[in-house]
Structures are given as C-alpha cells and as structure tokens.
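Any read-out appearing in this document is the output of simple, stated calculations on the displayed coordinates, not a laboratory observation. Because the structure is a prediction, the values reported are computed rather than measured. Every residue, glycine as well, gets a Cβ built from its backbone with ideal geometry; the counts of neighbours run over all protein chains shown.
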Amino acid sequence: MAVFIEAIVTAVRLMAEGSPELWNIIGVTFHVALVSTTFGIVLGAPMGFVMGASRFRGRSVLIALTNTAMAVPPVVIGLVVMMVLSRQGPLGPLGLLYTVDAMSIAQTLIAAPIIAGLTSAAVASVPYKLRLQARSLGASRVHEAFLTLKEARLGVVAAVAAGFGAVVRGVGAVLMVGGNIEGQTRVLTTAIVQEARRGDFGLALALGVILMTITFGLNGLITWYQHAGERWERGANA
Amino acid sequence: MTAYTSTAGLALRAENVSKSYGKRVVLDIDHVELSPGETLALLGPSGAGKSTLLAILGLLEKPDSGQVFLDGRPVSARDRGARMQMAAAFQSPYLFKGTIAENVAYGLKLRGVSRAKRSAAVAEVLERVGLGGWEGRSALTLSGGEAQRVALARALVLKPRVLLLDEPLSSLDPLIKSRLSQDFARIIHEDKMTTVYVTHDQNEAMAVADSMIVMRDGRAAASGHVEDVMGLPPDEWTATFLGSEAPLRGVVTTSAEGLLGVDLGGPVVYSTGELAPGTHVIAGVRPEDVLLFEAGTEIPRSSARNRFDGTVVALRLWGVMYHLVLDIGGARVASHVSRSSVREMEIAEGSSVQVVFKATAVRVRPDVAGSGMMEA
C-alpha cells in the first residue's frame, strides 16, 4: 500500500511545485489532444452527419469501414503514420517525424473515426420525419442539417468526448511517431511508460493521477452538461 | 405560360403525379385541384398513398413524374420560395428540442422575421390554439394533445398559402380528438386557408373538409365534394370503406318538378334532381338517412317518399351502431341503427322490416361506366 500512498504524495508535491518539466508534459499533452480533437471534429463530424442523415449507395460499407477504423489499434495507426513521415516515406521531406505535429496527425486519425461513428449514430436517431417537418416549415438543406445536429447534440457531445478521451489516454501512436523526447514530444502517457520502465513507480503513478484528474474533470463537465440538458428537456423546470 | 391558363383561380393543382419505391407504385393520381380557401381531405386506409401525395403537394418530396402548380405557377421541391408559402403538421408532432416559443417561431426565423414581431406572433397564435402563456416551457414535456396544438400553431403562425395536415389527430385519444377536430375546423375556416388534410377517419374528413379524394393503392377511388362522395360512392370498394352499400344502378323512368323516379330493376326509388327519363344512373343513400320500422306497424305520415318492405340480409357492428344491409325487393341499401333499437325491435338476419327514406336523401348521378352493362 505504501507505494500508492507515496505516489499520491508525490503527485500532490509535483503539482504543488509545478516544475517546468511537468508543466511542459501537461502542455504538450493538451496541445496534441486539442489539435487532434479539433481536426477530428472537422473531419469526423460532417462525415458522421452524412452517414447518419442521408441514404446513398455505399452508405453501409462506409459505416462498416468507420466502425472498423474505430477499432484499429493505435500502434498500427502510429506505424502507418511513422512510415508515411519517415525519411523514405512520401511525406518524409517535411521532416515531421518525432515532432508534436506528427503526434497530432496520428491522434487525429484515431479521433476522427470515433467522432464520425458516434456522431453518425446520434444523428441517425433523429427521426427523418422531424427533418421533413423542418423542411415543411421552409428549412433549407443547411437549416435541416443544423437542426439535426442540434437535436442530436447530447450524442454529438458524447462523440467529441469519446474522441478526446481516446486521444488523451493514447500511448501507442504518440510513442511511435513522437519518440517521447524529453521537453519536446513527451506527454503524460509516454512519461508514465518511461518512469515505470526506470522503476520510478511513484512518479509514474503520480503522472497517472494527474492524467486521471484532468480527464475526470473534463468528463464531469460533459456529464453535467448532458444531465442539465436532459433535465430541462424532460421538464424538471415545469 | 399560356399552357397553364386552365389553372387560373386554383390555389393548388397537381397533374399526373406518380411515385414508385423500387417496383412498387405507391402513387398514381391524374389530378388534384384546390380552390383558394378550400379544404381537401385525402381519405383512405393506411398504405393508400395519402401521405405521399401530401408530401408531393407540399413540395417535400419529388414525384417521379407529374407537376405541381401553386397559384397557376409550376413549382418543385427545389423552389424554396414556393415552399415558404406552405406549412405542415404531421401525425406525430415532431417538436424540436427547446421551448414552445422556439418551436413556434422556427419558420418565422427562417423567413427573417424580427425578434419583436416573432414573439408577438407566437403569443397570438398560442392564444388561438389554447396555449396562451406557454412560451417558456420545454416542448418535450407536453402531452399528445398539447404537442399537437403546438405543431398546428407552428404551421399557422406562418399564415401559409397552403396548410398541410397529415393525420394530425390520429394519435390522440377520442375525447381530445373530437375537441381538437372541432378546434382545427374552426381555425382553418376562420383563416380561409387552403388546406390539404390527410386522415383515415371519415368523420374527421366530414368535420373539416369541403372536398375529398378517397384513395386506394395509390389511386383515387373517388373524388369530389364531400357530400357527393359520402352520399354516393362510385363503386363497391369505396362504398364499403365509407360504410355504405355498393351504388345502385337503374334507369330514370319519371321526371317531374324536380322529382325523379328511378327503376332499380324492381323497386322504384324517388330522388330529387333533373335528369331525362331513360338516363342510366347510379343511386345511393347514406345509412344514417335510412329509417327502420317494425313490419306491419303504422308509419307516421312524413315527407319520406320512399317506403319499402325489406328483409335484413346482414348485420354487423359499426362503431357504436349496427350496420344493417337490407334487401328492398332486389336492391340493397344499408342502415345504421343503434344497439338499443336492434334489441327492442328484435332485429336479426332474415327479419322483415319497413324501410323508409326521403327523396332528398337519395343521390343520383348519370352512370357513365355502367350504362353499357345495363343494356347488355
């Protein structure tokens, strides 16, 4: 038990001290998570909307592909991105390998299918007739799309949260394309791997506590938003 | 434009509209016409294509072929200007998440109406549908009847040229339904709005509509003024659907001072109308206009000109009434009789009764389709 108590003490001390090194790790973690979630939304949400809201040839194939992409192990994505960005790879000349940008690219590829797949499911649960109703009141295609997203917003928020969660807790892909370089590409998860390997369980666990605190806080915020939304819709105010 | 001059004066018209899903033809209608302020009921069993026709008339779906005209102008689903002149409410109210006011104001917002005008219009229309002061409530907390009122308000507030109502009352319980159908009929008529009203309930159609199309398997089985279609359905299927017997076929034998004698191949019924003797006709009388008396009793003197000795051929329950099929010497008419009357008069299959109905209750139309058959 002592090792856990020691770890928690270390975590508190680390956060209280706020060493530049720690803040750098947290900073990089958030930078990668925010950038990749944002691009994940930009790529995944419209795709999810189209898959969920319209009927077209090849739709079910696309949905199956998305669901498969959601389940691809991060290390495989990391491997592919690594090969593309490596010196011999097609994007080698950009010199992105072992940079924060490389990590953001890999994590975007992880977040986008998750956001697309879950957005699609949320949007598909909005009845077609509701959109027909909006159309009958004069809505254009764009109005219809916004209304549908608004109707499905609790599900869409959950999709974004799931995308963010996958990115912030991911280790395989960032380790491969980022290289866990101290002060540059080290994030909380890769730092945990590093410290654990060195036998510094206290520091590793402390970093884990910090990571959990951050994700817990964020998820708590999202859950609160969803509950507040549902409560109002179902009439706790009436 | 000269090609469409015949549509002048009509608010909404559709020509030769058809729609198929795969190989199944769900709609094939020659023409639909609505004068300004007219309410047209689309009546028929489920799957008859009523909602599809409504969606096409409302420019919500594209027909495979055919053309819709709004005020004489050909329009399509792409024509947002035309769509802006229409508004619909469906069987399920499909309220959007948000407040009642947001729901009702949705269409106004799309039309760029200012915030101040929006809230004034919303307050006014909510008052009219009986939900005055409900603006701030969440739309998802409402009961079925309340939600349907909001759905109607959301369409009405736009003051549309054409109002489309797709079974707006069918998901409600009978008490709320009867109250709302009266409210809807009043509001529609007050505003003199051109309205298409889809329903499978003939009583609802009677309450709100001026004209009707009875639909079957995507086609119009009957169309015309509500009184005409209900009074004299053109064929057996329509008659059965509307709760009467198949139309009677006969020949006008006498015609004097607006009174026609029609020989039905045995019995002669009297009707009002102006038709030359020798004209082949179809004739019908609504079951609720046919009165029964026990055989042998003295019938009080009345203006009812048609009196026959009849036999009960069949009786079955029809809502709260009994639907009786009566043979009057070779021709068949139906009568709706209360349960207590059936009990008191001890009516059963084979019972003899006196059948009485007024000449004004008998509808007669020249028989276009069947005249050849009669002569054969």
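Overview of results
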item: P(r) of the stretch A:181-236 over all Cα-Cα pairs, binned every 10 Å from zero, in whole percent; result: 22, 32, 20, 14, 11, 2
item: Cα pair count fraction exceeding 46 Å, expressed as % - the protein assembly as shown; result: 42
item: Between helix B:144-156 and chain B: long-axis angle, C-alpha atoms, 0 to 90°, nearest 10; result: 70
item: For the stretch A:1-113, average projected area of the Cα convex hull in nm²; result: 10.8
item: Sum of side-chain charges, B:Val325 neighbourhood, beta-carbon under 12 Å (Lys, Arg +1; Asp, Glu -1); result: -1
item: Amide N of the stretch B:62-96 lying under 19 Å from the label point, which is placed 7 angstrom from the Cα of B:Ser20 along Cα→Cβ; result: B:62-67
item: Two-site label geometry, B:Ser143 and A:Val142: point separation in nm, points 7 Å out along Cα→Cβ; result: 4.2
item: Chain A - percent relative contact order, Cα under 8 Å, separation 6 or more; result: 31
item: From the C-alpha gyration tensor of the stretch B:41-193, square roots of 5λ in Å; result: 25, 20, 13
item: Using distinct alpha-carbon pairs, which all enter the 1/r mean, Kirkwood radius of the stretch B:265-331 in Å; result: 14.3
item: Helix runs (DSSP H) in chain A reaching 20 Å along axis by Cα, Kyte-Doolittle at least 0.5; result: A:2-17, A:20-53, A:100-124, A:153-169, A:201-233
item: Two-decimal log10 I(q)/I(0) for the stretch B:244-375, as the Debye equation yields it once each C-alpha is a single scatterer, q = 0.12, 0.21 Å⁻¹; result: -0.46, -1.20
item: Contact order relative to length of chain B, as percent, for alpha carbon pairs under 8 angstrom and 6 or more apart; result: 15
item: Cβ charges +1 (Lys, Arg) and -1 (Asp, Glu), total dipole of the protein assembly as shown, debye; result: 2080
item: Over the stretch B:244-375, relative contact order from alpha-carbon pairs under 8 Å, at least 6 apart, %; result: 31
item: Qualifying lysines (Cα of each under 21 Å from Cα of B:Lys358; at least 8 residues distant if same chain); result: none
item: Where only alpha carbons of the stretch B:166-246 are counted, the Rg and the Dmax (Å); result: 13.1, 37
item: Antiparallel DSSP beta bridges within chain B, as percent of all bridges there, nearest 5; result: 80
item: Cα gyration tensor, the stretch B:229-302 - rounded (a/c under 1.5), prolate or oblate; result: oblate
item: Calculated FRET efficiency for the pair A:Val75/B:Asp210, C-beta based, R₀ 51 Å, to 0.05; result: 0.10
item: Number of partner chain Cβ atoms within 10 Å, mean per residue of B:83-91; result: 3
item: Part-to-part distance (alpha-carbon centres) for the stretch B:245-293 and the stretch B:37-104, which is given in Å; result: 40
item: Whole-Å semi-axes of the stretch B:64-124's equivalent ellipsoid (Cα gyration tensor); result: 27, 16, 9
item: Using alpha-carbon coordinates, inclination of helix B:115-128 to the longest axis of chain B, degrees; result: 30
item: For the stretch A:26-186, convex hull volume per residue from C-alpha positions, Å³; result: 118
item: Shielding by other protein chains, B:94-105, mean Cβ within 10 Å; result: 3
item: Charge dipole of chain A about the Cα centre (unit charges at C-beta), most positive-ward option of A:Met212, A:Leu130, A:Ala152; result: A:Leu130
item: Helical mean residue ellipticity (222 nm; -39500 (n - 2.57) per DSSP H run of 4+; nearest 500) of chain A; result: -26500 deg cm²/dmol
item: 10 Å Cβ neighbours from other chains, averaged over peptide A:136-147; result: 6
item: Equivalent ellipsoid dimensions for the stretch B:180-319 as semi-axes, Å, which come from the Cα gyration tensor, largest first; result: 31, 19, 17
item: Calculated P(r) tail over 28 Å for chain B, as whole % of Cα pairs; result: 54
